[in-house]
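Below is one structure, written out as structure tokens; comments come after it.
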Amino acid sequence: MSIFNWFNWEHRRGTAPVARDRLKVLLAHEGTRGTKSDLLGLLRAEIVAVICRYVSVEPDKVQVKMGRRVKASTLAFEVEVPA
Amino acid sequence: MAKIVVVTSGKGGVGKTTSTAALGAALAQSGKTVAVVDFDVGLRNLDLVMGAERRVVFDFINVIHGTAKLSQALIRDKRLDTLWLLPASQTRDKDALTAAGVAKVIAQLRQKFDWVICDSPAGIERGAMLAMRHADAAVIVTNPEVSSVRDSDRIIGLLDAKTLKAEQGERVEKHLLITRYDAVRAGKGEMMSIDDVLEILSVPLLGVVPESQEVLRASNIGAPVTLSDASSAPARAYCDAMRRLKGEDLPMTIPSDAKNLFGKLFGRRAA
């Protein structure tokens, strides 16, 4: 670290908030605490199964995107319905 | 009838054995009869930390196999006559610890003592699962560091699913013990704070043990830190944790032997 970085707030600010936020995101998605925290995984599997029941597509052709915002997680499904 | 407590963490090197010895000795000092049990078969160390390594004749596996009686394997502490140690075996046979054998030994210990403290091995393999199996309460030892907190989360999930209590629809009482905490670094934002860790794990706090030279000094001489220097910061932290484990309602403070001004300002700040 050069002497100039010493006066640079970005460099001197602690890294603890980064650790905390990384852990929060990780643990929300790992779902190791029973079924409640694995809600997204369960929703995803069941919704894909329902889509496949009504539309003749293979389960792996249903595109699912999992996202995370500050206050909520999101699931986006993209299905190409054959004409 | 004893209360069975497992000291667990998932991650290695966070202070399970140190905490088992310190809490066990603190409980014994308060007048209770205590057995500390080493579940780390193949890598036993509780005997060494307690200063009883040269007195081990029979061990946990001998008792399970019936080659020794429990009373022959239990080692009485030389400083506290209400504190006993059941050492683990140094065998390399991972399957030596059987579910039925552990159940039998725990049932006997339950009859003899007020408290049984089980020192879990690291990881989530057989030894760790058997150490938590019969627990009424769990002390989850965590360092304010990402890998330790993640592994603690994993262990909390297992405590809620894989213990006898959980299978009977009851709950294992869970307590978080934060060790190697540096209040000065947390104050500067260099280390996760107590609140950060509590927010992520949402388990009630049993105590905060500050990073201290006294912990290494105690293990060097083979004494639980609560016995080697009862006035040191970690000893006071463990004594408070022990009283909370017994159900006392104490204000949460972080003992400190900090000498500088910054340490004085932040060292005693409660969670």
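The numbers here are math on the coordinates, done by the rules we state, and not lab data. The shown structure was predicted, so the numbers you read here are calculated from the model rather than taken from an experiment. Here Cβ is always computed from backbone atoms with ideal geometry, including for glycine, and neighbour counts include all displayed protein chains.
Secondary structure note: in the protein assembly as shown, about 20% of the DSSP beta bridges are antiparallel.
Computed about its Cα centre, the charge dipole of segment B:129-271 is approximately 240 debye, with only Lys, Arg, Asp and Glu carrying charge at their Cβ.
Using a cut-off of 18 Å between Cα atoms, the listed pairs B:3/B:174; B:3/B:165; B:32/B:112; A:24/B:162; B:3/B:246; B:11/B:32 include A:24/B:162; B:11/B:32 as exceeding that distance.
The GNM of chain B, with springs linking C-alpha atoms under 10 angstrom apart, assigns the highest mean-square fluctuation among B:146, B:41, B:116 to B:146. Restricting attention to chain B, close to 5% of DSSP beta bridges with both partner residues there are antiparallel. In straight-distance terms, cross-link reach from residue B:16 covers every one of the aspartates and glutamates whose alpha-carbon lies under 15 Å from its own, apart from those fewer than eight places away in the same chain; here that gives B:38, B:40, B:47, B:119, B:151, B:211. The dipole here belongs to chain B: it is taken about the Cα centre, uses +1 on the Cβ of Lys and Arg and -1 on the Cβ of Asp and Glu, and is about 480 debye.
For segment B:121-271, relative contact order (Cα pairs under 8 Å, six or more residues apart, normalised by length) works out to 19 percent.
Put in order of Cβ neighbour count within 10 Å, fewest first, the listed residues B:16, B:104 become B:104, B:16.
Sorting A:62, B:225, B:139, B:36 from the fewest to the most surrounding beta carbons within 10 angstrom yields A:62, B:139, B:225, B:36. Can you classify the protein assembly as shown as rounded, prolate or oblate using the Cα gyration tensor, where a ≥ b ≥ c are the square roots of its eigenvalues, rounded means a/c under 1.5, and otherwise it's prolate if a/b beats b/c and oblate if not? Here the protein assembly as shown falls in the oblate category.
Taking Cβ atoms as reference points and 15 Å as the exclusive limit, the residues near residue B:225 contribute a net charge of -2, counting Lys and Arg as +1 and Asp and Glu as -1. Take every pair of alpha-carbon atoms less than 8 Å apart whose residues are at least six positions apart; their mean separation over the length of chain B yields a relative contact order of 23 percent.
Each of B:132, B:50 was scored by other Cβ atoms within 10 Å of its Cβ. Listed from fewest to most, they are B:132, B:50.
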